[in-house]
Structure formats: structure tokens, C-alpha cells
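Encoded as C-alpha cells, the structure appears first; notes follow it.
The values are calculated or read from the model by the stated rules, or taken from the named source; none is laboratory data. Source: prediction; values computed, not measured. Cβ: placed from backbone, ideal geometry, glycine included. Neighbour counts: every protein chain shown.
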Amino acid sequence: MTPTNRVSRRGLLAGGLALGAGALLTPAARAAGRGWPRGPITGAAARAVDPAKFMPRWQIHEWQEAADGIGLRATGSTAHHGYVDGLAARMERVGISAVTAEGVPFDRWQPSSWSLDVVGGHEAGPVEVAGYLPYSGDTGPDGVTARLCAIPMPGTIGIVSVASPPLPYLLLDVIDWDAPLQPRHAPGYNPLDLYARPWLSTESLIDTMSAFEAAGAVGLIVVLDEPAEAARGRYAPYDGVVRDLPALYVDRNTGAGLRKVALAGGKARLKLEAGVRTMTTPNVYGVIPGASDELVVLSSHTDGTHGLEENGPEAILAIAQYLARIPRDELPRSILVLMSTGHLAGTSPGTTEFLRRHADDLVARTAAAMSLEHLGARPWLPGPDGEYEIAPGYEPGVVFSSPHVEMVKAGRRAQDRQRIGDNRVLRPFKPDPTLSSPSGFWWPGDGEPLWRTAGLPSLQYISGPTYLLNAGMPTMRFVDTAVIRRQAIAFTDATLELVRMPRSRLDKRRLDDPSTVLDLLRALLPTRS
């Protein structure tokens, strides 16, 4: 796709076309006489979703299967761009108008081969590798051979353990916007039960890599405290920072053997061949016209590790097909659908670039925004024997909300409607050292620039299951597509609320909005010249 162009079906890649068209209605579906609900949506159904008129589960299931079959959609890869091309075609087919692609420049790090061997001694030979650390570096074809060392030392290959730091669920309760009255819990809930997921270790992993790189280590082996199945394909960190510390993952059992080698003063040969090139990758967006030019944004990202990460676009297609059938004069605001790129190559660079590029037009016309990620997830957790199994219920999912009264309420109602767990609507909680956020805080997820960068009334649904970062892992066994449909209906209802809400109400901040304190600090601190 060229950096800026209107998408044409004629230009679709073969893989994208298969997902874009073939997944719409399979031969089996046609034979069974199945199809999409059609016809205009008016009256009460234009204000609250009539489930009988919403995209059927079978279609959402087929879209999910097709996306999952692609595997890793690394930013800028052929698989990623093929998916985007097919997605653009599907956006048009569900009724989104003026579908447009805009290129976002970035430096793409692409590995070609990787391996690990113990050199010398009775443990000599190849070692099973769980994966590579993206953007970590390049050894060249000969690799690097050095002594294994558990502390940062020049000329060595570091070996470190990484585990997910557990958090008591009490901490999630505390940062709920309506604590302590919310969230309400089912009988048997224990606030001291622990939430531990791999994504929680990302920042400490970056700090560890920085320490070994600064010390002059020539490589790094990261030992995941997980069995091989859970460790395989780990894709983190994905901040898009190209480092000079080629690094590989191994599982806990493999790591135990390598630690013995390290204690004995043994050496290893680490190879990670990778190249970096500057290229563009497309944001894709379009509009569902309403009665005014004011906009409500629906967004997700297109790159991902597998079918669950990211499946926000699949849910948004179902939402859009419903909204596009509402007559224009019954939809008070227009809907901007944004499918952003770059999530696996930085901190939401696609969304950030879109907001920068369109600050004076589309963003200036935006009244509210919503981002959806990782829907329908079931939990996959270690059992008593340490092996992983699908647990009962659903993976905890939360809504993050900006400090706007009506956005918190809309998120709360959407959580109630989807009925898959505790109703958590959380504050932005990550301190922003740049002070670019209106409140000084932001949240993790691709939709966070909608608040931190643009200051829009916004919310984001997101979950972070154990398998979220396992690149290429088949995930259909973990995904409940009936729940994806229910969540899509819930957030369609939220969208219908936002398109009708007066701007004055959308812009109203909560009394406990921390930006009041931040504004005072900004006034007291000297301004940089």
C-alpha cells in the first residue's frame, strides 16, 4: 500500500483477499442459507441494540478463526499487511465509507535465524530456544561465543530469570473510579488473590536489558519461569527500540540446565541474525456518516501476536455493520473507525501519528473515543502440577476511562451488559514523566494516546491473558466467540449512547480528576525555554 491512498479492492494481496472475502460467507454457510441481518435499523433499535439484528456468532467465529490462522502479524510483515488489505475490503463491505490508508514510517527489525548452543563440556550441543526478544539486536551469521554470567559483565552472555510480578486483586479494586463502592464481587472473592500475567514483567525486562547492554554484555538469555508450552513464542518487549544486545528466551527446565553450565564457568554460542530497514506501515480508517460532522471514534490495532491479540478489528466490523444500517438522520454524530498500526513496534505509534496528523481536522471534530482489545478471552493458568490449563470463567478484562463523568458511566454500563466478570472501570494509573497527559497519568493499551496525547473523553476495554504474548500460538481453544458477540453488542450500545450525548456532558470532568492538581503544579513550575 502506498503511504497515503484510497484503498482499492484491486490492490489486495492474495492472503488479505482470502480473509476479506472468503471469510464473509463460506460455501458451507451459503449452502445452509445463512447470511447477515440486512435492512435499515430505526426506532428503538437505533438507540439500543436489537440482538436479532446484530451480526451472527457464526460470522464472528469465522473471522476469528481466519485471523488466528495467520499467526504472528509482526508490524510491517507480509502477514500483517495482507491482513490489513483484507480488513480494508471488509470495512467497505460492512458499510464504512471513504476507507483510507495512510503510511506510518518506522524502523522494522526482522529476524532471519536464531539458535543457542552450549560450547564444550558434557553439556555441549544445541539448546531448545523458546523465542527471541524482538528488536534486541543482531549477532551476524557466526553468532557470539562467551561465558555465561548471571550479572552484567563486559564480554559475557548474560543469563537472567524473569517472572511475572503478582499483584493482589485489591490493587485493581483501589484504582477503580468508584472505589470502594465498585467493583462489586461475587461471593467467595478474596482481594488478596494474586493476578500474575507475563505482560506485567515487560518494564522490568527492559530495565534488565538496559543494564546488561550498558555493561557491555554481548548477548542475553532470558529464562522464563514457565513450562515449554507457555514460554514458546514469547514476544516482548515490543517497544520498537533497536538494541545492541541480541537476546533469546528459554523455558524453566532449559534455563535450569544453562544455570548449571554458568556455575561451572561454561560458554555458549548465541546466534540471532536480524536486519533493520526503514519502511511504512498503514493506518486504515473510514467513516459511517451521521447527521453531523462531529465524530465518535472506534479503534483497535491490526498487528498482533495471534488471533486474540489482536481481535478488536473483528468486533468493530460487527459493530460497524449494525451502525451503518442506521439512517443518517437517526445517528446524531458520525462514526470514525480507526484500525491503527505499529502496536508491536513501539508505544502506539500508529494511533499517535494519526492523532498528530489529523489534530486540526478529524481529531478536532471528535467528541469521544473508544478502543477495544483482546475480546472473548478465557484464562489459561498453571495447575497444581505447574502445567497450564484452561480455567473456569473468563479472563479478567477492564475498562480504562479518562476522568470524564459520562465516559466512566458508559464504561460501567458496557461492563454490566457483557456479563463476563467483575465490573472494573479503572483510572489511568501509570505516571507520565513527560507530563503530556492532561492528568499526568495514562493506561496500558493501544488506545491510550486518545487520552494521553489528544485529551479526548475516551475509554478502552482490554484484557491481558497468560498467552497474550505467545507469538503464533493457536488461540481458538481460549476464545469464546459468543462472548465476543456479547461484548460487541455491549460496546455498540455504548457507542449509541455517546453519539447522542451533548458535548457539554461528554466534556464534564469528575471532581476527583487529578488534572486539577497537575494544572496547579504546571503553574508553579518554571516553564522550559
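Looking only at region 251-285, count how many residues are over 30 Å from R357 (Cα atoms), touching an Asp or Glu at 6+ places or on another chain (Cβ under 7 Å) and surrounded by 24 or more Cβ atoms within 10 Å (Cβ to Cβ).
Residues that pass the stated criteria total 2.
Going residue by residue through region 383-399, is there one that turns out to be among the β-branched types (V, I, T), more than 18 Å from the chain's Cα centre (by Cα) and more than 18 Å from I316 (Cβ to Cβ)? Spell out the reasoning first.
If we filter region 383-399 for residues that are among the β-branched types (V, I, T), which is where we start, we get 390, 398-399.
After this cut, where a residue has to be more than 18 Å from the chain's Cα centre (by Cα) as well, the list is 390.
Subset that is more than 18 Å from I316 (Cβ to Cβ): 390.
Within region 383-399 (the criterion being among the β-branched types (V, I, T), more than 18 Å from the chain's Cα centre (by Cα) and more than 18 Å from I316 (Cβ to Cβ)), the answer is yes, since at least one residue qualifies.
Could you grab me the full set of residues in region 390-419 that are among the basic types (K, R) and either outside the structural domain of R509 (by TED's automatic domain parsing) or closer than 15 Å to L498 by Cα (or both)?
Step one: of region 390-419, the residues among the basic types (K, R) are 409, 412-413, 417, 419.
Across region 390-419, the qualifying residues are K409, R412, R413.
Give me the residue from region 390-423 that is part of a helix (DSSP H, G or I) and not charged (D, E, K, R) and, out of that set, nearest to S458 (Cα to Cα).
At the first step, the residues of region 390-423 found to be part of a helix (DSSP H, G or I) are 405-418.
Applying the additional criterion that residues be not charged (D, E, K, R) yields 405, 407-408, 410-411, 414-415, 418.
Working: V405: 11, M407: 6, V408: 9, A410: 10, G411: 9, A414: 14, Q415: 15, Q418: 19 Å.
Only one residue fits best here, namely M407.
I'd like to verify a number: residues in region 378-420 that are over 25 Å from T453 (Cβ atoms), surrounded by 14 or more Cβ atoms within 10 Å (Cβ to Cβ) and among the basic types (K, R), how many?
3
Given the conditions (1) under 29 Å from A179 (Cβ atoms); (2) touching a strand residue (DSSP E or B) at 6+ places or on another chain (Cβ under 8 Å), and given that G383 satisfies all but one, which numbered condition is not satisfied?
(1)
Go through the residues of region 448-457 one by one and say whether even a single one is hydroxyl-bearing (S, T, Y) and crowded, with 22+ Cβ neighbours inside 10 Å.
Just the residues of region 448-457 that are hydroxyl-bearing (S, T, Y), to begin with: 453.
Subsequent filtering for residues that are crowded, with 22+ Cβ neighbours inside 10 Å retains none.
Within region 448-457 (the criterion being hydroxyl-bearing (S, T, Y) and crowded, with 22+ Cβ neighbours inside 10 Å), the answer is no, since none of the residues qualifies.
In region 204-226, which residue that is in a loop (DSSP other than H, G, I, E, B) and either touching a strand residue (DSSP E or B) at 6+ places or on another chain (Cβ under 7 Å) or of a type in the set (V, I, T) (or both) is nearest to R259 (Cα to Cα)? Quick ask: steps written out before the conclusion?
Of region 204-226, the ones in a loop (DSSP other than H, G, I, E, B) are 216-218, 225-226.
Add one more test, that the residue is either touching a strand residue (DSSP E or B) at 6+ places or on another chain (Cβ under 7 Å) or of a type in the set (V, I, T) (or both), and what stays is 217-218, 225.
Details: A217: 17, V218: 18, D225: 13 Å.
Among them, the one singled out is D225.
Quick grid of which residues meet (1) under 24 Å from A454 (Cα atoms); (2) polar (S, T, N, Q):
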site: T280; (1), (2): yes, yes
site: E314; (1), (2): no, no
site: S334; (1), (2): yes, yes
site: V337; (1), (2): yes, no
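Give R500, R485, R477 a once-over and let me know the one that is closer than 26 Å to L72 by Cβ, out of contact with any helix residue (DSSP H, G or I) (no Cβ under 9 Å at 6 or more places or on another chain) and at pLDDT 95 or above. Lay out the reasoning, then the answer.
Numbers: R500 fails: closer than 26 Å to L72 by Cβ; R485 fails: out of contact with any helix residue (DSSP H, G or I) (no Cβ under 9 Å at 6 or more places or on another chain).
When all the criteria are applied, what remains is R477.
Which one is surrounded by the fewest Cβ atoms within 10 Å (Cβ to Cβ) among residues in region 212-237 that are of a type in the set (D, E) and closer than 19 Å to G386 by Cα?
Step one: filter region 212-237 for residues of a type in the set (D, E), giving 213, 225-226, 229.
Adding the requirement that they be closer than 19 Å to G386 by Cα leaves 225-226, 229.
Details: D225: 17, E226: 25, E229: 15.
Only one residue tops the list, namely E229.
Take T156 and decide whether it is at pLDDT 95 or above, farther than 16 Å from L258 by Cβ, of a type in the set (V, I, T) and in the same structural domain as L192 (by TED's automatic domain parsing). Even if it seems obvious, please write down each step before you answer.
On the way: at pLDDT 95 or above: yes; farther than 16 Å from L258 by Cβ: no; of a type in the set (V, I, T): yes; in the same structural domain as L192 (by TED's automatic domain parsing): yes.
Here the answer is no, as T156 does not meet what is asked.
Of the residues S299, S334, S348, S340, which is within 30 Å of Y394 (Cα to Cα) and in contact with a Pro (Cβ under 8 Å, 6 or more places away or on another chain)? Let's see the steps before the verdict.
Details: S299 fails: in contact with a Pro (Cβ under 8 Å, 6 or more places away or on another chain); S334 fails: within 30 Å of Y394 (Cα to Cα); S340 fails: in contact with a Pro (Cβ under 8 Å, 6 or more places away or on another chain).
Being within 30 Å of Y394 (Cα to Cα) and in contact with a Pro (Cβ under 8 Å, 6 or more places away or on another chain) holds for just one of S299, S334, S348, S340, which is S348.
When residues of region 72-110 are filtered for being buried (at least 19 other Cβ atoms within 10 Å of the Cβ) and either assigned to a strand (DSSP E or B) or hydroxyl-bearing (S, T, Y) (or both), how many remain?
10
Which number in (1) at pLDDT below 95; (2) surrounded by fewer than 18 Cβ atoms within 10 Å (Cβ to Cβ) marks the one condition that G20 misses?
For G20, the failing item is (2).
Pairs, please: C-beta under 6 Å, at least 6 apart or cross-chain, first residue without any contact (Cβ under 8 Å) to a residue 60 or more places away in the chain and in region 438-449, second part of a loop (DSSP other than H, G, I, E, B) and among the acidic types (D, E)?
W442/D432; W442/E448
List the pairs whose first member sits in region 284-312 and is in the same structural domain as T75 (by TED's automatic domain parsing), whose second member is in a helix (DSSP H, G or I) and among the small types (G, A, S), and whose Cβ atoms are under 6 Å apart, counting only residues at least 6 apart or on separate chains?
V284/A88; S300/G312; G307/A67
What pairs come up if the first residue lies in region 377-389 and is in the same structural domain as H306 (by TED's automatic domain parsing) and outside any loop (DSSP other than H, G, I, E, B), the second is aliphatic (A, V, I, L, M) and surrounded by fewer than 20 Cβ atoms within 10 Å (Cβ to Cβ), and their beta carbons are under 8 Å apart, counting only those six or more places apart or on different chains?
Here the result reads W380/I390; W380/A391; L381/A391; Y388/L381; E389/L381, each pair linking region 377-389 to a residue that is aliphatic (A, V, I, L, M) and surrounded by fewer than 20 Cβ atoms within 10 Å (Cβ to Cβ).
Hey, any hits in region 296-305 for a residue that's touching a Phe, Trp or Tyr at 6+ places or on another chain (Cβ under 7 Å), farther than 17 Å from T100 by Cα, in a helix (DSSP H, G or I) and polar (S, T, N, Q)?
We begin by selecting, within region 296-305, every residue touching a Phe, Trp or Tyr at 6+ places or on another chain (Cβ under 7 Å); these are 302, 305.
From the residues that got through so far, the ones that are farther than 17 Å from T100 by Cα too are 305.
In the following step, the residues that additionally are in a helix (DSSP H, G or I) were identified as none.
The answer is no, given that none of the residues of region 296-305 is touching a Phe, Trp or Tyr at 6+ places or on another chain (Cβ under 7 Å), farther than 17 Å from T100 by Cα, in a helix (DSSP H, G or I) and polar (S, T, N, Q).
Kindly indicate whether any position in region 297-309 is closer than 30 Å to T139 by Cβ and charged (D, E, K, R).
yes
Within region 132-149, which residues are at negative phi, surrounded by 15 or more Cβ atoms within 10 Å (Cβ to Cβ) and either small (G, A, S) or in a loop (DSSP other than H, G, I, E, B) (or both)?
Restricting attention to region 132-149, the residues satisfying the condition of being at negative phi are 132-134, 136, 138-139, 141-142, 144-149.
After this cut, where a residue has to be surrounded by 15 or more Cβ atoms within 10 Å (Cβ to Cβ) as well, the list is 132-134, 136, 138-139, 144-149.
Listed by number, the residues that qualify are L133, P134, S136, D138, T139, A146.
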